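Enquirer: I'd like to ask some things about the structure below.
The values are calculated or read from the model by the stated rules, or taken from the named source; none is laboratory data. Only a predicted model underlies this, so the values are computations on that prediction, with no experimental measurement involved. Cβ atoms come from the backbone with ideal geometry, glycine included; neighbour counts cover every protein chain shown.
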Amino acid sequence: MKDSTERPSGFAFQKSNYQWLIAGIGLLIIGYILMSGGATEDPTAFNPEIFSFRRITLAPIVVLGGYGTIFYAILKR
């Protein structure tokens, strides 16, 4: 006799899991794009733009949100 809570064999995730996973990957891509840039043509010159709010604060928060979303997508039932 089978349990009524057993799912039939097939994919490990449901459609909503994949949607959350894609959203998390999108957040990761956006975060890493926000982190990029700030280089200068002259390697001996200092560019204070590398310490902007976008690169130091906003981008890491977005990346961590992306990893959190992926973690949620994997654990969601």
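Enquirer: What residue, of Arg77, Arg7, is at pLDDT below 85 and exposed (fewer than 12 other Cβ atoms within 10 Å of the Cβ)? I'd like the intermediate steps shown before the answer.
Expert: Working: Arg77 fails: at pLDDT below 85.
Residue meeting the stated conditions: Arg7.
Enquirer: Among all residue pairs at least 6 apart or on different chains, which show Cβ distances below 8 Å where the first residue, located in the range 42-57, is on the phi < 0 side of the Ramachandran plot and of a type outside the set (Lys, Arg) and the second is assigned to a helix (DSSP H, G or I) and at pLDDT below 90?
Expert: Taking only residues 6 or more apart or on different chains, not a single pair turns up.
Enquirer: Could you check the range 20-77 and list, in sequence order, the residues that are out of contact with any Pro (no Cβ under 9 Å at 6 or more places or on another chain), part of a helix (DSSP H, G or I) and of a type in the set (Gly, Ala, Ser)?
Expert: Across the range 20-77, the qualifying residues are Ala23, Gly24, Gly26, Ala59, Gly65, Gly66, Gly68, Ala73.
Enquirer: Okay, next question. Could you check the range 24-48 and list, in sequence order, the residues that are over 23 Å from Ala12 (Cα atoms) and not hydrophobic (A, V, I, L, M, F, W, C)?
Expert: Scanning the range 24-48 gives Gly31, Tyr32, Ser36, Gly37, Gly38, Thr40, Glu41, Asp42, Pro43, Thr44, Asn47, Pro48.
Enquirer: Can you give me the number of residues within the range 30-46 that are surrounded by 12 or more Cβ atoms within 10 Å (Cβ to Cβ) and either closer than 22 Å to Arg77 by Cα or out of contact with any helix residue (DSSP H, G or I) (no Cβ under 8 Å at 6 or more places or on another chain) (or both)?
Expert: Going through the range 30-46 one residue at a time, the tally reaches 0.
Enquirer: Of the conditions (1) surrounded by fewer than 14 Cβ atoms within 10 Å (Cβ to Cβ); (2) out of contact with any Gly (no Cβ under 9 Å at 6 or more places or on another chain); (3) more than 29 Å from Ala12 (Cα to Cα), Phe51 satisfies every one except a single condition; which number is it?
Expert: (2)
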